[in-house]
Every structure is written in C-alpha cells, then in structure tokens.
Amino acid sequence: MFRNIFILESRQGWSAIQPNFDPVQDFVLTYDFALRKLVEDSGGAARYVDHLCEQSLMQENNFLMYRFFRDWHLDADGADIFRYREVDFGFSFRIEIWNDYTFYVRSRLCLEQLRGFVYQQIYLDSGLPLLRETLDDMGLAFEVLECSASAESAADGYFFPIHRWMNERLRIRLPRHVLRDLVVTVQGVAMSWLDRAVDCFGGKAGVFVQEYHPTRRLLQRLRQHPGIRVLQAHFSAAPGLMKFLRERPIPIYGRLKTYQEPSARLMEAFRQRRSARLILSNGVDITDAVNRSINRKIVEVLPQVLRALDCVINYLDRHPLRLEILIANIGQVAMLVDSVAKSRGVPSYMIINGLLGNDYLDEAKYATVINAYSKSIRENYFRGMDNIVCLGDPRMDAYAHAPVRRINRVTPTITIGASGFSNIDLNSFLAVEFEFLYEVLLAIRNLEHPAPAFRVVLKVRPNGYLELYRQFTEEYFPGMVNLIVDQVPMREVLHESDLFISIYSQTLFEASCLGIPVIYHKNDREIMDPPFDGESELVTTHNVSDLEQALQDFLVGSHRFDAFLDKSVMEKYIGPLDGKNLERNFDYVIGLLEHSSACSGEQGKR
C-alpha cells in the first residue's frame, strides 16, 4: 500500500515533492532514468511510467494495436474514407499519427496497472497533459502538481524527448525549411517544363525513388541510364551543386485556403463513416480515445496533405510513372506518390530499410515486389508472403572486400553504439537508451580495475541528442568516455574499433564484416527475430554480469565471437556479401521496367 503515487516527467519536478516525500510510503513513476536512480538511491521505490506491463501483455496488444492501425481510415465496407480525385490516401497519414497513437496505447496500458495498486492519492506533474488526458479517460482521481525546474539538476532528465523530436522532424518550420521548399518549387517547375519539351522528341521511363541508405547508390545508378528519368520527393543527400540541375524533386505549392473546404468535408465523412475499433486485451475499448488522438493530427495537417496530393497528381499527369522504388511504407510526399501510383496500377519495388523484426509490424509490407535482403527476414518478418525476393542490401557492398582489422586486446578501443527508443513497439520505453548505456559503461568500469584502461568511444544515433549523452557520461561516469560522436559515418568509427557493443542494429553486421568482434547487449524487452532472439550465433548479453563475462572473453580471445565473424553465417541474416547487391537490384529494376513496358504495349494493342 502506498500513501502517495507521484507521476513526474523528470527530476526537474523532484524539488516539488522532496520535502514531503516518504521513501517508505510513497511511490514515484517517471520517464526519467535520473529521477528513478535518485529515488532508488535514497531508499525509495520508483518505476518507469511507460514500462509497467509484462512483456507478454504488451506483445499481445502490439498485434491488436496494429490491426487497428491498418484499418482506422476504412469504412464498414473496407473503402478508404480519405479519397480525393479518385485517389485513396488515408494510408499516407501514418507518419503523422503513428507516435501519438502508439504513445496513447502504451500510456493507457501502463496506467491501467494503477487499478491494482492500493494508494491514497495520485499527484500528476502539470507538464504531462497527455497522461492527464489518459487518467481522465480512465476516471481515476488525481491532483495536479505544479513542478518548477531545479537549479541543481545537471539536466532535465535522461530519456528520449519523442514529442520534441517528432515536432522537429515533421512540424517545426525554420527559415531554412522555407528556403528549401522555395528552391524545390522553383527548380521542380523549371525542370518539369524542360522535361516536357525534351519529351516531344521521345520520352523516358519515369521512376520515383524514395531516397535513403538502401536506395542511395541505386538512385545514382538509375540516373545514369539514358532511358530513365528519376523523380524524388526532395533533393538527395548527394554533395555538390550539380544535383540542382540533374535531380527532379516534385514541387509542392499552392494556397492552403483552397483546401480548407474539401478538408472539412473529408473530416466530416471520417467522423460519420469510420468503423474500426480498438479493444485492448483487458477488454477496455479505447476506440474513442485513439480516434481523438488521430483527429487532432489529421485536422492539423489535412489541408497541407491535400495540397501536396494535388501537386503530385498534376505532376504525374504530366510525367507518368512506370515504377516506384520505396524503402518503407512511411513518408510524407513518398506515400502520396505511392497512393497515386496504386490508383494507376503502377508497380512498386521495395528495398527494405535495414533489418526488420516483429511480424505484427507492417511498415514495409505493401509493394508489388519486396527485397527482403535474406532468407531469414523473408521467413520471419515476411512469413506467408509470396512477393518477396532476396537480392541483398546495396550498402553492404562496401563491406564485401573490406580489409579485416587487426584486433588489439591489450588496450582495446571499445565502441558503443547507442540504444534508442522504438515508438512502434509497446515494449519499448523512453529511458531505454540510458538504461543500456549505464549497464554497458558499468560493466566496462568494473573490468578496468586492475585491467589496463580501455579507450571508450560512444556513437550516438543520428536521431539522438548529443548533449544529453555528454551530460549523462559526465554525471555518472566522469572521464571514462574518450569520445562521443554522432555525425561521423559508422564506417569511419568502426575503423578505429576493436570491439563493438550495440542493440539490435545492422551496424553489428558492418562491424563483423570488418573482422571486429561484436556484442549484442539486450537489456530491453522487445521480442525480436533472429539473430536478435538470443538463440543465434550472435554473442548476446542481458545484464551487467553477462556483459562483464563477454568482455573478459573478448580480452582473452575466446572463440565464442568467431561464428558471427563468419560471412556465411552473416549472409543468413543480412543477405549476400559478395559485393554484387547493387548490380542485382539494378538488374531487377530494369527487368521490372521492361515487363511494365511490355504490359503497356499489350494493353495498347487491345
């Protein structure tokens, strides 16, 4: 039994409760690693507010959650409610609503656990409006606690600020974004006129490419083909100014006011015709709550989406597509292009973006043909699907014939690939990356005495916040981490590494290809496919003690690391490592174009 349950975002609110906090009678729920550790070090009880449920319960609800996510925009007859100019586009909203939707489901499942607690009062941090809404939905009484920043805190807290990150990536528009969009519009319109003039003398096959790591080299190769015109959602990451003359981003422009009325009509149709329901495994129906979350985002972005869709339709009317190449079923402009392509019967080819796990997910399951890299991914993530090919990952060609690093086991450089919150899995939680880092650094520190000092390098994910990691290591492990990087290419970091420790990531394969022993430290509760299932050749640890043993084994040259350094073993999971993946994918794309051309010719004869 608890006297008070305090729900605080971070240790920033600690000063508001500390004078009255009783470590014996009170209980703290938070997102923050720092606050949880502070409370536990003082003898109190604390848990993560987004990590209160058993793994099996969350996994069961993952399947329920994604069934609704697949159907939320359909009416009772299975028709897409969001339809504009004969194009169904409800599917394209995924990236806009995904985080808020899964965040509510995770929060609701975790807060439902409070019904099993005995307590006198709940106090809720005033800076948590989404949890306030959730508690209101549940009918649980609580008092709002006004929290002010503590001047003593080195940082607000250690957890991934997912809402801030989503806003920065999707919604906040800085002057540079406005300038970028202006350049795309001007250049896109100009190149469209030029292409129409050139097409009078013989057209090219239009191929839309969603550019990211798996498709970057393929895009460059296709652009060199004289019979192909590559279309994009935006300018590529290629260096230099020549891309402004060669590339074809689809321009998005027009007055938003024009789209207010059709947006209102579509929203009313959605309110009237929606039929999907989400009932959690405990029997609680949260359909109205998740629809409220979805409505908020859709109303906010629908005019912009309609404007973009209008521009995509008009552009593809002038420059028809013969094929689209995707890396996932998410993206803003990319999914609008996909919606138009589907409405016109244009085939699609997907090269998945890295290793995929969890068969309840469907972020890469909708395309005419999908390159799954390997048989393992085909048999697990794509189980039961018959449109899968295994042609490898083009980016892995760079590692096919790379020289093997000579490993220093006396004073080694240990590189840590930072963990990260997965907003698409209910079993993930916001502080997971700092729980991971704390355990890894603790294991290394425990071995450093009396062993020789290690050189420790921390590679932060591109979507991480570097300053948080600096503050974290200085607070808990001062002087121990020699270098923290984020924008440095992984290949460059690995060239100086003797051991690589990370979460489930393709970077483990990249390190192995260079002859670097790897450790997969799994301190999360996500359920993953091979080789991240704990049953494969990959050296896997689950706690500090396991990791200390693996580090000791590395220092003495144990053979437990050898299997995952074998290319034939890696190829089971990542696909071919013969340096020919780009060629295989390019040839397959050319084959798809030739097939679509032949089909078009046959239809013309009829």
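The values are calculated or read from the model by the stated rules, or taken from the named source; none is laboratory data. Remember, it's a predicted structure, so these values are computed and weren't measured experimentally. Cβ coordinates were reconstructed from backbone atoms using ideal geometry, including for glycine residues, and neighbour counts include every protein chain displayed. Just so you know, the surface numbers come from the protein's heavy atoms only, side chains and all, with ligands and any DNA or RNA stripped out. Shrake-Rupley method; radii C 1.70, N 1.55, O 1.52, S 1.80 Å.
Computed values, structure above
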| read-out | value |
| --- | --- |
| Matching residues in segment 518-533 - criterion: being of a type outside the set (Lys, Arg) and open to solvent by 40 Å² or more (accessible area, probe 1.4 Å) | ILE527, PRO530, ASP533 |
| In segment 40-66, the residues that are in contact with a Phe, Trp or Tyr (Cβ under 8 Å, 6 or more places away or on another chain) and among the hydroxyl-bearing types (Ser, Thr, Tyr) | TYR48, TYR66 |
| All positions within segment 48-61 that are surrounded by 22 or more Cβ atoms within 10 Å (Cβ to Cβ) and within 21 Å of ASP285 (Cβ to Cβ) | MET58, ASN61 |
| Only one of ALA149, ALA197 that is loosely packed, with under 13 Cβ neighbours inside 10 Å and either assigned to a helix (DSSP H, G or I) or modelled with pLDDT of 80 or more (or both) | ALA197 |
| Among the residues listed as LEU565, LEU547, the single one being in contact with a helix residue (DSSP H, G or I) (Cβ under 7 Å, 6 or more places away or on another chain) and open to solvent by less than 10 Å² (accessible area, probe 1.4 Å) | LEU547 |
| Pairs with Cβ under 6 Å, 6+ apart, first in segment 118-147 and without any contact (Cβ under 8 Å) to a residue 24 or more places away in the chain, second in a strand (DSSP E or B) and open to solvent by 50 Å² or more (accessible area, probe 1.4 Å) | SER126/VAL144; GLU143/TYR123 |
| The listed residue being over 25 Å from LYS567 (Cα atoms) and β-branched (Val, Ile, Thr), out of VAL389, VAL410 | VAL410 |
| Residue in segment 350-366 that is among the small types (Gly, Ala, Ser) and at pLDDT 95 or above present | no |
| Every pair of residues 6+ apart whose Cβ atoms lie under 8 Å, when the first sits in segment 55-69 and is under 12 Å from VAL290 (Cα atoms) while the second is among the basic types (Lys, Arg) and open to solvent by 40 Å² or more (accessible area, probe 1.4 Å) | PHE68/ARG277 |
| Any helices (runs of 4 or more DSSP H) falling wholly within segment 472-589 and containing at least 2 residues that are among the hydrophobic types (A, V, I, L, M, F, W, C), in contact with a strand residue (DSSP E or B) (Cβ under 9 Å, 6 or more places away or on another chain) and more than 30 Å from ARG383 (Cα to Cα) | 490-494, 544-555 |
| Per-region count, segment 402-456, residues within 30 Å of MET65 (Cα to Cα) and β-branched (Val, Ile, Thr) | 2 |
| Of residues in segment 1-47 being among the polar types (S, T, N, Q), open to solvent by 50 Å² or more (accessible area, probe 1.4 Å) and in contact (Cβ under 8 Å) with a residue 40 or more places away in the chain, the one nearest to SER126 (Cα to Cα) | GLN12 |
| Sole exception among (1) out of contact with any Ser or Thr (no Cβ under 7 Å at 6 or more places or on another chain); (2) over 20 Å from THR411 (Cβ atoms); (3) at pLDDT 95 or above; (4) open to solvent by less than 50 Å² (accessible area, probe 1.4 Å) for GLY515, by number | (2) |
| Selected residue (criterion: farthest from the chain's Cα centre (by Cα)) from residues of segment 354-408 that are surrounded by fewer than 20 Cβ atoms within 10 Å (Cβ to Cβ) and polar (S, T, N, Q) | ASN408 |
| One residue from PRO303, PRO251 being buried (at least 18 other Cβ atoms within 10 Å of the Cβ) and over 19 Å from LEU219 (Cβ atoms) | PRO303 |
| Boolean, ALA205 is more than 26 Å from GLU594 (Cα to Cα) and either touching a strand residue (DSSP E or B) at 6+ places or on another chain (Cβ under 9 Å) or surrounded by 13 or more Cβ atoms within 10 Å (Cβ to Cβ) (or both) | no |
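Conditions tested, residue by residue: (1) open to solvent by 10 Å² or more (accessible area, probe 1.4 Å); (2) in contact with a Ser or Thr (Cβ under 9 Å, 6 or more places away or on another chain).
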{"position": "THR413", "(1), (2)": "yes, yes"}
{"position": "ILE416", "(1), (2)": "no, yes"}
{"position": "ARG445", "(1), (2)": "yes, no"}
{"position": "ARG455", "(1), (2)": "yes, yes"}
{"position": "LEU458", "(1), (2)": "no, yes"}
{"position": "LEU468", "(1), (2)": "yes, no"}
{"position": "PHE477", "(1), (2)": "no, no"}
{"position": "ASN482", "(1), (2)": "yes, yes"}
{"position": "GLN487", "(1), (2)": "yes, no"}
